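Asker: Before anything else, here's the structure in question.
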Amino acid sequence: MKVEKSNFYIREILRHLLEGEVQSTNDIAKWINLSEKATRNKISAVDFFLKEEGLGSIERKPRIGVWLNATNEQKEKISNLVISNECSIAADGIDRENEILKIFFRLMPRESITTQKLSSKLYLSGPTVLKTIKDCQKRLDKYNIRIVNERTHGFYLSYQENEFRMALKDYICSEKTSDKIREKIHYFFSNIDVYLIEKCIVETENEWNYKFADESFYEILVYCCLACQRKDFSMPLHINQEDVEILEQYNEYPFTVAIFQKMHDKIHVMFSNEDILFLATQIMCSKFMGIDQTEQAWKVIHKYDQKLLSFIDEMLDTIGKVLEKDLKDDIRLKESLVFHLRSTIFRLRYGSPQSNSLVGFIKSEYKTVFRATWSVSILFEKYYGVSITEDEIGFIALYIQSAIERRMQRYKAILIADFTRGHAELISERISRTIPEIKEIIIISRHDFKLYEHKDDVDLIITSRPMTEKDRRIVEVSNLLSDDGMIKLRTFMDELHFSLFTQENPFSPICYPLFDPELMFLNMDFTNKEDVLNYASKKMEEKGFVTSLFARSVKERENATSTAIGNYVALPHGAQIHVNQSKVSIVTLKNPVRWDKDEMVDVIFLLAFKLSTHEEIKRVQSFYQEFISLIETNEKISLIRNSRSEVELYKYLIR
């Protein structure tokens, strides 16, 4: 749409200048209904286009005006361009690349197009088309897609089906807003009922209680449309057999089968098992919200994916030796890495590496851990034949750093003994190695234990048999020497930590997608609320979370009523019609600013919420409920106000 709109203005400017008169920029601006500044930019684009195509130039002189400098022959060619409804002028290099890629992606397998046809469609010279094709090739190199020029036939794309689908998905989903993505989806799949396919995905999500993040939802929608469109092309999809055997055991596989079954029922199309497996690998790489299949997935991994467990054991052994720390017995760390890396392997193998906006901070603040984590890059090649990216290394480093920080916590436990002293000491040693934050274990016989004597001096009480006393610190584990026993104790510790430090976790998991460290701006030096709101709104717009009209709606609501809510906190928000994806931006100030006649503010939560789905409504309701408890005490707000870094604040909100 952007290219077509730009083409309209360019053609109108050319139409006006072909009349031969000297025009003022103001006259042209009124003619095409744009501002003078925008019109000057369009005139510059026209001048660049004419010079590059050898069609003359635009002359401009102050206080005189603007006119077309071209021969009669050049004017005739320009006139043909203007009256043609088929031609498309790509005003700059990126536009040209996108237009040519759009043409290539719509070609059937082995279908070709000549330079002349491309020149005619885009109204570009032959040399310009060839130069742009070279630039397009650079963009396709990472997918191993080649633009082949076959004599007498023209250009066509040479590719493996997997890579083509990923390339087209990335091309479509590269747009910043959901409206633009939808526009592209309907352009490429105009012969398919996209709304019906979308309905199939949403219904399956609801039935399985899986929720894709917005970004992943559109990716899966594109892949489902591709499966429909390309089912008869005889272009095989390639899935690693080892991955197939593992993948078919995970819930992502039957979930994918359910999507395709629903599509079959509604649009009467048969899909191959390769289509199902390919989509399942992409779903494995996707971002989910509201999915909780941890226990079942853990059992599957233990039963079917010993290779992954061995890989993580060797990884922790390697990193631990570099850092001179024993990480192998940290069950929580191992479990976290298992669930993260099972998706990471698929992302790396199937060309969907995840970006990590925190990697710069991680390299700076946790440099020792980051460097130590790099030492395992060779293990990815050894076990899976893939190269790890810096972004993915950053994610792993965060898990390692969290485990190290967790060890700095101190817990004191009582072990109630129903067995010999030697047996009790063996159990005590096992607990200390497996859960290193338990720094002291007191062994007391069941006969000698009196709960009233330990009201405040210990954090947990471990027993192998039921107790008559009731206390939230008591955990019953029948076999403390077994792995299951240690996992149960580890789970209890996590829950205990949560209950002891609830104030450090102000928001529940459903709210986590609202926060982004790149939308947190700490210790800023603003002197008025208008600058604060403009800055935060602009940052949201740059990320594509809101439209350009969002900032205006924030100001309008602020003018209608103050959003200061006490305790030096403000809660401004914009109209949901201008929101593409729900997000919260947080700004803290060096010095409070005047928010209204009564209130000063130095902590600002700028809300961009949309309420178009049940999940979004539930998330926003949860945010408001939990936000109220967050601002009730000075202690919690002070933690935000005094955060030293965006990552520290992010971890406080979501950990």
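Asker: How many residues are charged (D, E, K, R), surrounded by 15 or more Cβ atoms within 10 Å (Cβ to Cβ) and either modelled with pLDDT of 80 or more or farther than 24 Å from L309 by Cα (or both) when one looks only at the stretch 391-434? Spell out the reasoning first.
Answerer: At the first step, the residues of the stretch 391-434 found to be charged (D, E, K, R) are 391-392, 405-407, 410, 412, 418, 421, 425, 429-430, 433.
Checking which are surrounded by 15 or more Cβ atoms within 10 Å (Cβ to Cβ) leaves us with 391-392, 406-407, 430.
From what is left, the residues that are either modelled with pLDDT of 80 or more or farther than 24 Å from L309 by Cα (or both) are 391-392, 430.
Residues flagged as charged (D, E, K, R), surrounded by 15 or more Cβ atoms within 10 Å (Cβ to Cβ) and either modelled with pLDDT of 80 or more or farther than 24 Å from L309 by Cα (or both) within the stretch 391-434 amount to 3.
Asker: Let me ask something else about it. Confirm whether P466 is open to solvent by 70 Å² or more (accessible area, probe 1.4 Å) and either closer than 26 Å to E648 by Cβ or modelled with pLDDT under 80 (or both). First the steps, then the outcome.
Answerer: On the way: open to solvent by 70 Å² or more (accessible area, probe 1.4 Å): yes; either closer than 26 Å to E648 by Cβ or modelled with pLDDT under 80 (or both): no.
No; evaluated as a whole, the condition is false for this residue.
Asker: A further question follows. Identify, from the list D275, D243, the residue that is in contact with a helix residue (DSSP H, G or I) (Cβ under 8 Å, 6 or more places away or on another chain), outside any loop (DSSP other than H, G, I, E, B), among the acidic types (D, E) and over 22 Å from Y384 (Cα atoms).
Answerer: D275
Asker: Okay, moving on. Looking only at residues that are polar (S, T, N, Q) and open to solvent by less than 40 Å² (accessible area, probe 1.4 Å) in the stretch 163-180, which one is farthest from Y223 (Cα to Cα)?
Answerer: Only one residue fits best here, namely T177.
Asker: What tally of residues in the stretch 1-25 results from selecting those that are open to solvent by less than 60 Å² (accessible area, probe 1.4 Å) and either out of contact with any Asp or Glu (no Cβ under 6 Å at 6 or more places or on another chain) or modelled with pLDDT under 80 (or both)?
Answerer: Applying the first criterion (open to solvent by less than 60 Å² (accessible area, probe 1.4 Å)) to the stretch 1-25 yields 3, 6-7, 9-14, 16-18, 20, 23-25.
From what's left, either out of contact with any Asp or Glu (no Cβ under 6 Å at 6 or more places or on another chain) or modelled with pLDDT under 80 (or both): 3, 6-7, 9-14, 16-18, 20, 23-24.
Number of matching residues: 15.
Asker: Give the residues of the stretch 186-235 that are of a type in the set (G, A, S), over 27 Å from D516 (Cα atoms) and in a helix (DSSP H, G or I), sorted by residue number.
Answerer: Of all residues in the stretch 186-235, those of a type in the set (G, A, S) come to 190, 213, 216, 227, 234.
Now narrow it down to the ones that are over 27 Å from D516 (Cα atoms): 190, 227, 234.
A227 - this is the single residue of the stretch 186-235 that is of a type in the set (G, A, S), over 27 Å from D516 (Cα atoms) and in a helix (DSSP H, G or I).
Asker: For a quick check of your reading of the model, give me the residue pairs whose first member lies in the stretch 503-529 and is closer than 17 Å to V620 by Cα and open to solvent by 30 Å² or more (accessible area, probe 1.4 Å), whose second is outside any helix (DSSP H, G or I) and modelled with pLDDT under 90, with beta-carbon atoms closer than 6 Å and at least 6 apart or on different chains.
Answerer: Within 6 Å, the pairs are P513/M289.
Asker: Another question, if that's okay. Considering the stretch 587-622 alone, what residues qualify as being under 31 Å from the mean Cα position of the chain (by Cα) and among the aliphatic types (A, V, I, L, M)? Give the derivation first.
Answerer: Start the filter on the stretch 587-622 by keeping residues that are under 31 Å from the mean Cα position of the chain (by Cα), which leaves 587-590, 602-622.
V587, L589, V603, I604, L606, L607, A608, L611, I617, V620 - these are the residues of the stretch 587-622 that are under 31 Å from the mean Cα position of the chain (by Cα) and among the aliphatic types (A, V, I, L, M).
Asker: Consider the stretch 558-568. How many of its residues are open to solvent by 20 Å² or more (accessible area, probe 1.4 Å) and either in contact with a Lys or Arg (Cβ under 8 Å, 6 or more places away or on another chain) or part of a loop (DSSP other than H, G, I, E, B) (or both)?
Answerer: Residues flagged as open to solvent by 20 Å² or more (accessible area, probe 1.4 Å) and either in contact with a Lys or Arg (Cβ under 8 Å, 6 or more places away or on another chain) or part of a loop (DSSP other than H, G, I, E, B) (or both) within the stretch 558-568 amount to 4.
Asker: Find the residue count for the stretch 5-60, including only residues that are in contact with a strand residue (DSSP E or B) (Cβ under 8 Å, 6 or more places away or on another chain), over 23 Å from T132 (Cβ atoms) and outside any helix (DSSP H, G or I).
Answerer: 8
Asker: Can you find even one residue in the stretch 406-424 that is outside any loop (DSSP other than H, G, I, E, B) and of a type in the set (F, W, Y)? Before the answer, list the steps.
Answerer: First, the residues of the stretch 406-424 that are outside any loop (DSSP other than H, G, I, E, B): 406-407, 411-417, 421-424.
From what is left, the residues that are of a type in the set (F, W, Y) are 411.
Yes, because at least one residue in the stretch 406-424 is outside any loop (DSSP other than H, G, I, E, B) and of a type in the set (F, W, Y).
Here's the yes/no breakdown for (1) in contact (Cβ under 8 Å) with a residue 12 or more places away in the chain; (2) closer than 30 Å to I443 by Cβ:
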residue	(1), (2)
L341	yes, no
N356	yes, no
Y366	yes, no
E381	no, no
G394	yes, no
Q401	yes, no
R406	yes, yes
A413	yes, yes
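Asker: If you go through the stretch 538-557, how many residues are open to solvent by less than 30 Å² (accessible area, probe 1.4 Å) and without any contact (Cβ under 8 Å) to a residue 60 or more places away in the chain?
Answerer: Going through the stretch 538-557, the residues open to solvent by less than 30 Å² (accessible area, probe 1.4 Å) turn out to be 540, 544-546, 550-551, 553-554.
Then keep just the ones that are without any contact (Cβ under 8 Å) to a residue 60 or more places away in the chain; that gives 550-551, 553-554.
Matching residues across the stretch 538-557 total 4.
Asker: Would you pick out the residues in the stretch 605-620 that are in contact with a Leu (Cβ under 8 Å, 6 or more places away or on another chain), more than 13 Å from G574 (Cβ to Cβ) and at pLDDT 80 or above? Write out each step before concluding.
Answerer: Of all residues in the stretch 605-620, those in contact with a Leu (Cβ under 8 Å, 6 or more places away or on another chain) come to 605-607, 617, 619-620.
Subset that is more than 13 Å from G574 (Cβ to Cβ): 617, 619-620.
Selection gives R619, V620.
Asker: Name the residue, out of K75, K51, K37, that is over 22 Å from I100 (Cα atoms), without any contact (Cβ under 8 Å) to a residue 12 or more places away in the chain and basic (K, R).
Answerer: Values: K75 fails: without any contact (Cβ under 8 Å) to a residue 12 or more places away in the chain; K51 fails: over 22 Å from I100 (Cα atoms).
Going through K75, K51, K37 in turn, just one is over 22 Å from I100 (Cα atoms), without any contact (Cβ under 8 Å) to a residue 12 or more places away in the chain and basic (K, R): K37.
Asker: Scanning the stretch 101-137 for residues that are in a loop (DSSP other than H, G, I, E, B) and closer than 17 Å to L50 by Cβ, which turns out modelled with the lowest pLDDT? Step through it out loud before you land on a result.
Answerer: Our first condition is that a residue be in a loop (DSSP other than H, G, I, E, B); within the stretch 101-137, this holds for 106-112, 114, 123-125.
Narrowing further to those that are closer than 17 Å to L50 by Cβ: 123-125.
Values: Y123: 66, L124: 73, S125: 75.
Per the criteria, the residue is Y123.
Asker: May I ask you to say which residue of K455, K450 is of a type outside the set (S, T, Y), surrounded by fewer than 20 Cβ atoms within 10 Å (Cβ to Cβ) and at pLDDT 80 or above? Walk me through how you get there before you give the answer.
Answerer: Details: K455 fails: at pLDDT 80 or above.
Result: K450 is the single residue among K455, K450 that is of a type outside the set (S, T, Y), surrounded by fewer than 20 Cβ atoms within 10 Å (Cβ to Cβ) and at pLDDT 80 or above.
Asker: If you check every pair at least six apart or on different chains, which have Cβ atoms under 6 Å apart with a residue in the stretch 125-140 that is over 21 Å from Y171 (Cα atoms) and without any contact (Cβ under 8 Å) to a residue 24 or more places away in the chain first and a residue that is open to solvent by 10 Å² or more (accessible area, probe 1.4 Å) and part of a helix (DSSP H, G or I) second?
Answerer: If the second residue must be open to solvent by 10 Å² or more (accessible area, probe 1.4 Å) and part of a helix (DSSP H, G or I), the pairs left are G126/T115; G126/S119.
Asker: Count, please, the residues in the stretch 533-566 that happen to be of a type in the set (A, V, I, L, M, F, W, C) and in contact with a helix residue (DSSP H, G or I) (Cβ under 6 Å, 6 or more places away or on another chain). Write out each step before concluding.
Answerer: Just the residues of the stretch 533-566 that are of a type in the set (A, V, I, L, M, F, W, C), to begin with: 533, 536, 540, 545-546, 549-551, 554, 560, 564-565.
Subsequent filtering for residues that are in contact with a helix residue (DSSP H, G or I) (Cβ under 6 Å, 6 or more places away or on another chain) retains 533, 546, 549-551, 554.
Matching residues across the stretch 533-566 total 6.
Asker: When the residues of the stretch 216-234 are filtered to those that are surrounded by 15 or more Cβ atoms within 10 Å (Cβ to Cβ), touching a residue at least 60 places away in the same chain (Cβ under 8 Å) and not β-branched (V, I, T), which remaining residue is nearest to E111 (Cα to Cα)?
Answerer: Across the stretch 216-234, the extreme among qualifying residues is R230.
Asker: So, of the residues in the stretch 306-345 that are over 17 Å from A403 (Cβ atoms), surrounded by fewer than 18 Cβ atoms within 10 Å (Cβ to Cβ) and polar (S, T, N, Q), which turns out to be modelled with the lowest pLDDT?
Answerer: Among residues in the stretch 306-345 that are over 17 Å from A403 (Cβ atoms), surrounded by fewer than 18 Cβ atoms within 10 Å (Cβ to Cβ) and polar (S, T, N, Q), the one modelled with the lowest pLDDT is Q306.
Asker: Considering only residues of the stretch 597-643 that are out of contact with any strand residue (DSSP E or B) (no Cβ under 8 Å at 6 or more places or on another chain), over 30 Å from N206 (Cα atoms) and of a type in the set (D, E, K, R), which is least open to solvent (accessible area, probe 1.4 Å)?
Answerer: If we take residues in the stretch 597-643 being out of contact with any strand residue (DSSP E or B) (no Cβ under 8 Å at 6 or more places or on another chain), over 30 Å from N206 (Cα atoms) and of a type in the set (D, E, K, R), then K636 is least open to solvent (accessible area, probe 1.4 Å).
Asker: Now, a different point. Can you tell me which residues in the stretch 569-596 are over 19 Å from S178 (Cβ atoms) and open to solvent by 20 Å² or more (accessible area, probe 1.4 Å)?
Answerer: Once the filter is applied, which keeps residues that are over 19 Å from S178 (Cβ atoms) and open to solvent by 20 Å² or more (accessible area, probe 1.4 Å), the stretch 569-596 yields L571, H573, K590, N591, P592, R594, D596.
Asker: Got at least one residue in the stretch 411-425 being farther than 30 Å from I474 by Cα and not β-branched (V, I, T)?
Answerer: Within the stretch 411-425 (the criterion being farther than 30 Å from I474 by Cα and not β-branched (V, I, T)), the answer is no, since none of the residues qualifies.
Asker: Tell me, yes or no, whether the stretch 576-595 has at least one residue that is touching a Pro at 6+ places or on another chain (Cβ under 8 Å), free of Cβ contacts under 8 Å to residues at least 40 places away in the same chain and not small (G, A, S). Walk me through it before giving the result.
Answerer: Our first condition is that a residue be touching a Pro at 6+ places or on another chain (Cβ under 8 Å); within the stretch 576-595, this holds for 582.
Now narrow it down to the ones that are free of Cβ contacts under 8 Å to residues at least 40 places away in the same chain: none.
No - not one qualifying residue is present in the stretch 576-595.
Asker: Here's something else I'd like to know. Has the stretch 147-162 got at least one residue that is assigned to a helix (DSSP H, G or I), touching a residue at least 12 places away in the same chain (Cβ under 8 Å) and loosely packed, with under 15 Cβ neighbours inside 10 Å?
Answerer: Going residue by residue through the stretch 147-162, those that are assigned to a helix (DSSP H, G or I) are 161-162.
If we keep only those that are touching a residue at least 12 places away in the same chain (Cβ under 8 Å) too, we end up with 161-162.
Filter again for loosely packed, with under 15 Cβ neighbours inside 10 Å, leaving none.
No, because not a single residue in the stretch 147-162 is assigned to a helix (DSSP H, G or I), touching a residue at least 12 places away in the same chain (Cβ under 8 Å) and loosely packed, with under 15 Cβ neighbours inside 10 Å.
Asker: Right, another one. Considering each residue of the stretch 181-215, count those that are of a type in the set (A, V, I, L, M, F, W, C), open to solvent by 50 Å² or more (accessible area, probe 1.4 Å) and at pLDDT 90 or above, and give that number. Even if it seems obvious, please write down each step before you answer.
Answerer: Kept after step one, since they are of a type in the set (A, V, I, L, M, F, W, C), are these residues of the stretch 181-215: 181, 185, 188-189, 192, 194, 196-197, 200-202, 208, 212-213.
Now restrict to residues that are open to solvent by 50 Å² or more (accessible area, probe 1.4 Å): 202, 208.
Going one step further and asking which of them are at pLDDT 90 or above, we end up with 202.
Total satisfying the criteria: 1.
The values are calculated or read from the model by the stated rules, or taken from the named source; none is laboratory data. What you see is a predicted model; the values in this text were computed from it and never measured. Glycine gets a Cβ as well: all are built from the backbone with ideal geometry, and neighbour counts include every protein chain shown. Ligands, DNA and RNA are stripped out before the accessible areas are found, and what is left, the full protein with its side chains, is counted by its heavy atoms. Shrake-Rupley method; radii C 1.70, N 1.55, O 1.52, S 1.80 Å.
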